[in-house]
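Input: a single structure, listed below in structure tokens.
The values are calculated or read from the model by the stated rules, or taken from the named source; none is laboratory data. Because the structure is a prediction, the values reported are computed rather than measured. Please note: Cβ atoms are built from the backbone with ideal geometry, for glycine as well, and neighbour counts cover all protein chains shown. Heavy atoms of the whole protein, side chains included, go into the accessibility calculation; ligands, DNA and RNA do not. Shrake-Rupley method; radii C 1.70, N 1.55, O 1.52, S 1.80 Å.
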Amino acid sequence: MMKLYLSYIPLLLLLVSCNKQQPQTGLANVPLIPLPDEIVQGEGAFHVGERTSVVLHSAKPELKNTARQLSTFLSEFTGREVSVTEGKKIFQRNTINLKILTDDSMDEEGYQLMISRKKAELIASSPEGLYRGVQTIRQMSLLCDPGEILLPAGRITDHPEYEYRGAMLDVSRHFFPPEAVKDYIDLLSLYKINMLHLHLSDDQGWRIEIKSWPKLTETGGITEVGGGEGGFYTQEEYTDLVKYAAERYITIVPEIDMPGHTNAALASYAELNCDGKATELYTGTKVGFSTLCTDKEVTYQFVDDVVREISALTPGPYFHVGGDESHVTELPDYNYFINRVKKIVESHGKTMIGWDEISHADLTGSDIAQYWASSENAARAIEKGARLILSPAKYCYLDMKYDSSTVLGLNWAAYIEVDDAYAWKPLELSEEIGRKDILGIESPLWAETIETLDDIEYLAFPRLIGHAEIGWSRPEVLDWEDYRNRLASHGQYLDRLGVNFYRSELVDWE
Ligand code: TNX
């Protein structure tokens, strides 16, 4: 239960209203998503006014970026310059203070936000926690009218339920340029998502430059579903994306899908095929027809080069090897392949993630299986000691249509309305899956039917917001009716951000 200490609320507080359509009666009623752990309500509000500044109480260079992001946002939103200063004193009036307390017992990503009439203080034990707290301030502000930010007084203490809260974007079926990915990253960060899994290769396109195998992109990157132009990220562009994400405390999880879903590679290099003949490029949407040749040594040289080059550009701990729908790879060959690839991934310092089919191979405790379709596979992975990322297709697949009238998307797993995406429980998916088995949850967006950032936004929002709450907030506080009401306030907020979201009839959008 969310602990809510509602103090006596004087009538005056009704004036502490950010949002004219929905007067807020204090901190406990700010429609935050994800819902924080604990809110203690105070009296009055902090006004971000003429002389407000952001004060950073730390010399850590990376925090400057977080402070600057906050001040830029506040300046743009209020139309007044909100400067950043570095200071020692925390008790100055009219300041929003950011501070790291290293000796604190706070969770890595946890934070505490204390707001009084005079000032605001945000405290965390890590830069990451501080960044998550800044998102809470941003969200509270965005729920106000532009120009007038009033942060209701009180204290928020917060930390995430799951350490892995991800979104996946398929950039292979249709290619999305770096700018679109960055825009998506911005939106993810607002809802405290901390992982972006990029599905960088599939039958229809290879999307990342590999210097030792240049034809992967020269040939394999030139088209996409429907026969359009395709594209790929140069290593420089990928590195820039990794950096952009890191500045928002989002870890990039690169995926090279194998041994199936590899037609783009098989079309680029004849030697990767068992018959030594390159395939044709493919622009349709079928799955399960391609495979790397698992008993050729060159295949493992290829995998080693690809994993090595991408790992060197990726500071995060994970490498996703795909492993799904390898329908034309015999199971013993599949297992032999995954077992060897696991060693390659580990030799480059990464932890292997794969779709739930990898449970057939020799997994160990460090491996992570991504549950999308089969609870049997998930159970087998757990038995071998692996942990799970949960992406059950019928609740989490952002490429499923909302209902039969949705133009974009597919419907093979389900129609997923906004309530379906929200009202499922990780611990009730299957008897075999316990809390300790779950690393976190992820929302995959496959791109067979989508081509633009607008399309991405339409399918992701607002369902992704619900997933973000399931990943962050304590399970006991998740309640569809309550969430539905808070989400209603986010309509204006998303409008203000220019997000092309789906206005579900289940929500009374404000
Ligand atoms: C299944 S989910 C796939 C993808 C498709 C998706 C479409 C998974 C691991 N494989 O290849 O794009 O369905 O919804």
Apply the Karplus parameterisation 6.51 cos²θ - 1.76 cosθ + 1.60, with θ equal to phi minus 60°, to every residue of segment 226-234 and state each ³J(HN,Hα) to the nearest whole Hz, in sequence, with x for glycine and proline.
-> x, x, x, 6, x, x, 7, 8, 5
With a ≥ b ≥ c from the Cα gyration tensor eigenvalues, square-rooted, and the rule rounded for a/c under 1.5, otherwise prolate when a/b > b/c and oblate otherwise, segment 53-92 is oblate
Residue-wise HN-Hα coupling along segment 448-462, computed from phi with Karplus coefficients 6.51, -1.76, 1.60 (Hz; x: Gly, Pro) | 4, 10, 10, 10, 9, 4, 4, 5, 4, 5, 5, 7, 7, 10, x
Hey, for a label at A312 modelled as a point 7 Å past Cα toward Cβ, could you say which residues of segment 180-216 have their backbone N under 19 Å away?
-> 207-216
For E247 and K436, what does the FRET efficiency come to when R0 = 45 Å and r is the distance between their Cβ atoms, rounded to the nearest 0.05?
-> 0.90
What is the extension gain from K60 to D145, computed as 0.36 nm multiplied by their sequence separation minus the C-alpha to C-alpha distance, in nm to one decimal?
-> 27.3 nm
Based on the Cβ-Cβ distance from E218 to E481, what FRET efficiency comes out when R0 is 41 Å, to the nearest 0.05?
-> 0.15
Show the residues, 5+ positions off or on another chain, whose built amide H is closer than 5 Å to the amide H of A45.
-> A153
Step through the table entries K343/K394; K192/K401; K215/K350; K277/K343, compare each Cα-Cα distance with 30 Å, and write down the pairs that go over it.
-> K343/K394
Subtracting the Cα-Cα distance of S75 and A488 from 0.36 nm times their residue separation yields 146.1 nm
Express in nm, to one decimal, how much length is gained between E505 and E229 on full extension, taking 0.36 nm for each residue of separation and deducting their alpha carbon distance.
-> 95.7 nm
Can you tell which of Q135, G220, L200 lies farthest toward the positive end of the dipole of segment 113-225, using +1 and -1 charges on the Cβ of basic and acidic side chains (Lys, Arg; Asp, Glu)?
-> Q135
Taking the Cα centre of segment 164-496 as the origin, how large is its charge dipole in debye, to the nearest 20, when only Lys and Arg (+1) and Asp and Glu (-1) carry charge on their Cβ atoms?
-> 800
First measure r as the distance between the Cβ atoms of H47 and R68, then evaluate 1/(1 + (r/R0)^6) with R0 = 22 Å and state the FRET efficiency to the nearest 0.05.
-> 0.50
Rounded, prolate or oblate: which fits the chain, taking a ≥ b ≥ c as square roots of the Cα gyration tensor eigenvalues, rounded meaning a/c under 1.5, else prolate when a/b beats b/c?
-> prolate
So who's got an amide H within less than 5 Å of the one on G221, skipping anything under 5 residues away but keeping other chains? H placed 1.01 Å off N, in plane.
-> W206
Hey, rough spin-label estimate for K425 and Y269, points 7 angstrom out along Cα→Cβ, what's it come to in nanometres?
-> 4.8
Using a 1.4 Å probe and counting only protein heavy atoms, arrange E442, E417, E237 so the residue with the most accessible area comes first.
-> E237, E417, E442
Under a point spin-label approximation (7 Å from Cα along Cα-to-Cβ), what is the T85-T239 distance to one decimal in nm?
-> 3.8
What ³J(HN,Hα) values, in whole Hz, does the Karplus curve 6.51 cos²θ - 1.76 cosθ + 1.60 give for segment 191-208 when θ = phi - 60°, with x put for Gly and Pro?
-> 9, 6, 6, 10, 9, 10, 8, 9, 7, 8, 8, 6, 4, 8, x, 9, 10, 9
